[in-house]
Amino acid sequence: MDLTLTPTHLDRLADVVWTWTAAFLPRLVAAVLILVIGTIVARWVSRAVYDISRRTTHIDPTLRPVLASMIRYAVLILVLIVALSQVGIQTASLLAVVGAAGLAIGLALQGTLSNFAAGLMLLWLRPFRIGDFIEVGAIAGTVREMGLFACHLETFDGMFLFAPNSAIWNNPLKNHTSNAGRLVSIDVTVSSNADIDRARDILVAMAERDTRVLKAPPHVFVETLTGAGLLLNLRIWASHDDVGELQRTIVEQAMHELEAAGIEALQPQQVVRIIPPDSDPSRLLPSSQPTFLEARDHPRAARNHPPFPAGAE
């Protein structure tokens, strides 16, 4: 077979290339311009939606980044379809190919899809909001942003924490700031011949003077009698903004108040904080955290949580 290229063949090949280039190149340039402009428009629309949602009180802060991301992806998909149509690719047949490829990609990315499904469930059920301090297993921090695939948290020591949605959805979750009040309880051991009423009055007066304690009446009762003496239990309620500082200082404060009474029998033998436990990460939070201001824009009263459980001691 003779494959020798003659000048005639080269001329014909050049004509074909030129004709194809003249017909296809403008479409390719138009498709590239559509992609570039569409990407810019998608980013601009996403930011505009986010800014508008920030100025209105009808959209929860948790939904703002998710809504902006969904709008951006929707615009990008529309732009991609228009760009493919511009270069002559039939989008109807392309959708069938994408569907088959999507099934294979879905099987390969099961973890990512589970994060997406978990994100939808978290958005639907709302176990927490932006600004809440949550604890899920070894994950603990203040929620800064919630996305379709992961949540951005900030730990008590200022570290950035990237938590996949599936890790949050598939484990029991503690929301330390959901309710308006948090219970703080300490055990105070005094001498067995101590004046119980005097000790109770001192502890109650200490709690009532503390501005961090909520208006719920503090309660002191005799827990039990041990070999070391009488075990008194003090229960008080504090807001989630002040509970960390109160937990760190209440033990020392109770000890100083009893020692200042000047009665030897009231000298505390032991003072132990029992609720929440030492493993509670919220006790390490500062008493006033500026980043919580955004969460305060959404009153907790709307969530129907009382300051403290009815009938609690």
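In segment 250-261, is there at least one residue being closer than 23 Å to K174 by Cβ and either polar (S, T, N, Q) or open to solvent by less than 10 Å² (accessible area, probe 1.4 Å) (or both)? The answer is yes, given that some residue of segment 250-261 is closer than 23 Å to K174 by Cβ and either polar (S, T, N, Q) or open to solvent by less than 10 Å² (accessible area, probe 1.4 Å) (or both).
Condition check for F160 on (1) surrounded by 17 or more Cβ atoms within 10 Å (Cβ to Cβ); (2) within 13 Å of the chain's Cα centre (by Cα): one failure, at (1). One residue stands out among those in segment 210-247 that are in a helix (DSSP H, G or I) and in contact with a strand residue (DSSP E or B) (Cβ under 7 Å, 6 or more places away or on another chain): the one that is surrounded by the most Cβ atoms within 10 Å (Cβ to Cβ), which is V243.
Pick out the one residue from T142, T112 that is modelled with pLDDT of 85 or more and of a type in the set (S, T, Y).
Result of the check over T142, T112: T142.
For segment 166-184, residues that are in contact with a His (Cβ under 8 Å, 6 or more places away or on another chain) and closer than 16 Å to P281 by Cβ total 4. Could you grab me the full set of residues in segment 272-290 that are among the charged types (D, E, K, R), under 16 Å from F156 (Cα atoms) and either open to solvent by less than 70 Å² (accessible area, probe 1.4 Å) or modelled with pLDDT of 70 or more (or both)? Residues satisfying the conditions are D280, R283. Within segment 178-191, residues that are free of Cβ contacts under 8 Å to residues at least 40 places away in the same chain reach no partner that is outside any strand (DSSP E or B) with beta carbons closer than 6 Å at six or more positions or on different chains. Could you tell me whether any residue of segment 255-263 is modelled with pLDDT under 75 and under 30 Å from N193 (Cβ atoms)? Yes, that holds for at least one residue.
The values are calculated or read from the model by the stated rules, or taken from the named source; none is laboratory data. From a predicted model like this one, the values you see are computed outputs, not experimental measurements. Reconstructed Cβ throughout: ideal geometry from the backbone, glycine too, with neighbour counts over all protein chains shown. Areas reflect the complete protein model, heavy atoms only, side chains present, ligands, DNA and RNA absent. Shrake-Rupley method; radii C 1.70, N 1.55, O 1.52, S 1.80 Å.
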